[in-house]
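To start, the structure itself, in structure tokens.
Every number in this text was worked out from the coordinates using simple rules, so none of it is lab data. Since this is a predicted model, take the numbers as computed values, not measurements. Reconstructed Cβ throughout: ideal geometry from the backbone, glycine too, with neighbour counts over all protein chains shown.
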Amino acid sequence: MSLTAIVFLIAYFGCLLRAFTADPKWGLYAYLLAFYAHPVGRWWGQSLPDLRWSFLAALVTLIAVFFSKKKENWLGSNVSKYYLFFLIYLIAQYLWVLSNGLHTVFVLLVVKYFILILLLQQCIKSKKDVVGFIICNAFGALYFGYLGYSYGGGRLEGVGGPGVESANGLGQHLSIILVIASYLLLIKLGKIKYLLILTVLVILNTIMLTESRGALLSLVLTGIVAIFFVPPSVKKVFFTLAILGVVAFSLLMGPQIVDRFKSTQKDSGGEIQDKSAASRLVIIKAQYEIFKEHPLIGQGHRTTLILSPLYIPKEYLSKAKSGNSSEQRRASHNFLMGMLTDHGIVGFAIYSLILMSILKSLLRVRQIIKLELKVDNELLLIQAGLCLGFVCYLIAGMFSNNKIFEVAVWLIALIPITNKLLEQSLTRNPNVN
């Protein structure tokens, strides 16, 4: 057994033990360790038994929560209720979906995510807990960066955790973590802040290695939006870090990335040079036609993949697994169109309740800044980072369908928690109406 495997086992089971003896949140740390280390997909994990590490961590955390004396209302936040409604709708879709098998994959994933939301909202109860969870994600992303340095060349593929193995998936995941972690640089963290600065730079470099145009664009656009959510007390530090970030961005952007962006330009014949980029528009047009067939209720998970041979020209199709067969197909590359074709207006409307709730939290941050209300400034910055992380997720989803990304579920769970803590800090101040 390798030293890496031994260290993983000690850290993993140590966290599970502490979940019972100290605090259930340690079970979440074990879960994150399993997500980022992902022993099943690493060479050093071949000597370990397949214990379904993430499932075991979630199960132990759930048991620890039940034995905990301080439990919250399981459906205390509106977001968790909206997510439950979305799950119920997915189950109802079995009456008309195109593929029960493919739809079941998504239903089981949403069940897992719903349980995860409940666990996060039971375990994360303070500002310190939220900061700890974000830092664990940042260090997990740092591990991805470490793996990226030894990569053989080309676009960075296969080093991410479950669901983010592809270059685009990894780039988007890291972009979201980068946004969230960067906001921690604006609060007091002690000496660990120096390590966090290094971590942020490594994450940025790893995003560059993925050469994901969607991830980079979402990062840039989110940075522009972030300008409107800066409390006056940290404006000087914010813009100093922002300028340094732009410099680092420019230095780390290699010629391969520049060439990939140039390939999206039209040639002398008016055609987009990069077939992959050109196919995005073709797929969206096909999805609109698919959507018009069943606009209200959709046709189930991965509808675009199933129907793509009927709606997308053959030259834009590629080998993709559908059920037990491997045919020329094409999956969705847009979050919005993926939701509409798969779940229709009804399903998207239910999911939009979650989106509106998070948007409301973001606007609340803006309101507090604009009115100069006296709150815990660190909580305000953390909440801004989390909400903008979700903005980054939505922007990235316009370039690649990311509706199954787990990092979005973490944000859906964390934002209501931080919002509650923020409002509590506001009401404790007698000078604020």
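Please report how far the C-alpha centroid of the stretch 1-42 lies from that of the stretch 46-76, rounded to the nearest whole angstrom.
Result: 12 Å between the Cα centres.
What residue among Trp53, Trp43, Trp74 has the largest mean-square fluctuation in a Gaussian network model of the chain, using Cα springs under 10 Å?
Trp43
Going by amide H atoms built from the backbone, whose H comes under 5 Å of the H on Glu327, apart from near neighbours?
Ala320, Ser322
Ranking request for peptides 288-301, 206-219: highest mean number of other beta-carbon atoms within 10 Å first, then the rest in descending order.
Working: 288-301: 18.1, 206-219: 24.4.
Per-residue Cβ counts within 10 Å, averaged per peptide and sorted highest first, yield 206-219, 288-301.
Among 333-345, 81-93, how do they line up from the highest to the lowest mean number of other beta-carbon atoms within 10 Å? Numbers along the way, then the final one.
On the way: 333-345: 23.2, 81-93: 17.2.
Descending mean neighbour count gives 333-345, 81-93.
Hey, which of these cross-link pairs are over 18 Å Cα-Cα: Lys128/Lys374; Lys25/Lys403; Lys81/Lys128; Lys127/Lys193; Lys191/Lys235? Could the numbers behind the result be given before it?
Values: Lys128/Lys374 20 Å; Lys25/Lys403 26 Å; Lys81/Lys128 26 Å; Lys127/Lys193 16 Å; Lys191/Lys235 22 Å.
In this structure, Lys128/Lys374; Lys25/Lys403; Lys81/Lys128; Lys191/Lys235 lie more than 18 Å apart at Cα.
Which value, in Å to one decimal place, does the Kirkwood hydrodynamic radius take for the stretch 1-71 when every pair of different Cα atoms is included? If you can, show how the numbers build up before the last one.
Working: mean 1/r = 0.0819 Å⁻¹.
Every distinct Cα pair counted, the radius reaches 12.2 Å.
Roughly how many Å is it from the Cα centre of the stretch 346-388 to that of the stretch 131-183, as a whole number?
25 Å
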